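Below is one structure; the comments refer to it alone.
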Amino acid sequence: MRYLWMAATLTVLASPARADDVTVTLQGVKKNAGSIVLCLWSGEAGFPDCESGKAVKRIVVPAGATSARFENVAAGTYAVSAFHDANGNGKLDSNFLGLPLEAVGMSNNQKLNGPPRFKPARFKVAGATAISIRFQSL
């Protein structure tokens with residue numbers, strides 16, 4: 001009996017943490033040129049700059065795509081930032097004031113009237129999750 005209990009305990013401890021997918025519906029991309037870059041964030045550090053290297057995951061899909069999926073995301077609180085890399089240079093282009101020259105979007109579709117913040121963009125993942133992002137041009 002003792003060995004049965006130990007075997008059951010080890011099985012539970014050895015089970016991998018549950019991970020699910022986050023599917024993102026993409027809305028408002030006006031051109032099919034280039035690609036869409038999406039970054040998944042677990043905290044404020046680096047948000048929303050996909051070039052910071054601090055995102056949990058980064059994916060790139062063609063600009064004509066209507067959705068994208070982050071796979072194997074552990075349960076927790078996250079935010080997504082995205083931009084339309086229309087010229088295909090792999091980065092978000094901005095003007096001399098730092099304002100984006102390419103369309104951008106955040107989870108929860110927060111309006112951009114200043115620098116994007118993690119807190120208004122955050123959402124919970126506790127199973128398969130679907131969100132939508134509406135792209136905005138400034």
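The values are calculated or read from the model by the stated rules, or taken from the named source; none is laboratory data. Because the structure is predicted, anything quoted here is derived from the model rather than measured. Using ideal geometry, Cβ is built from the backbone for each residue, glycine included, and neighbour counts are taken over all protein chains shown.
Quick notes
- Qualifying residue in segment 19-41 (condition: at pLDDT 90 or above, within 14 Å of the chain's Cα centre (by Cα) and part of a loop (DSSP other than H, G, I, E, B)): no
- For segment 47-55, the count of residues that are of a type in the set (D, E, K, R), assigned to a helix (DSSP H, G or I), in contact with a Lys or Arg (Cβ under 7 Å, 6 or more places away or on another chain) and on the phi < 0 side of the Ramachandran plot is nonzero.
- Whichever residue in segment 110-133 is surrounded by 15 or more Cβ atoms within 10 Å (Cβ to Cβ) and either charged (D, E, K, R) or touching a Gly at 6+ places or on another chain (Cβ under 8 Å) (or both) and, among such residues, is farthest from Ala68 (Cα to Cα): Phe118
- Qualifying residue in segment 105-115 (condition: among the small types (Gly, Ala, Ser) and either at pLDDT 95 or above or closer than 19 Å to Leu26 by Cα (or both)): yes
- Taking the numbered list (1) in a loop (DSSP other than H, G, I, E, B); (2) over 16 Å from Phe135 (Cβ atoms) in turn, Lys111 passes all entries but (2).
- Residue within segment 117-137 that is under 24 Å from Asp21 (Cβ atoms), part of a loop (DSSP other than H, G, I, E, B), in contact (Cβ under 8 Å) with a residue 60 or more places away in the chain and in contact with a helix residue (DSSP H, G or I) (Cβ under 9 Å, 6 or more places away or on another chain) present: no
- So Ser42, is it surrounded by 14 or more Cβ atoms within 10 Å (Cβ to Cβ), more than 18 Å from Ser132 (Cβ to Cβ) and of a type in the set (Gly, Ala, Ser): yes
- Against the conditions (1) assigned to a strand (DSSP E or B); (2) farther than 20 Å from Phe118 by Cβ; (3) without any contact (Cβ under 8 Å) to a residue 24 or more places away in the chain, Asn89 satisfies every one except (1).
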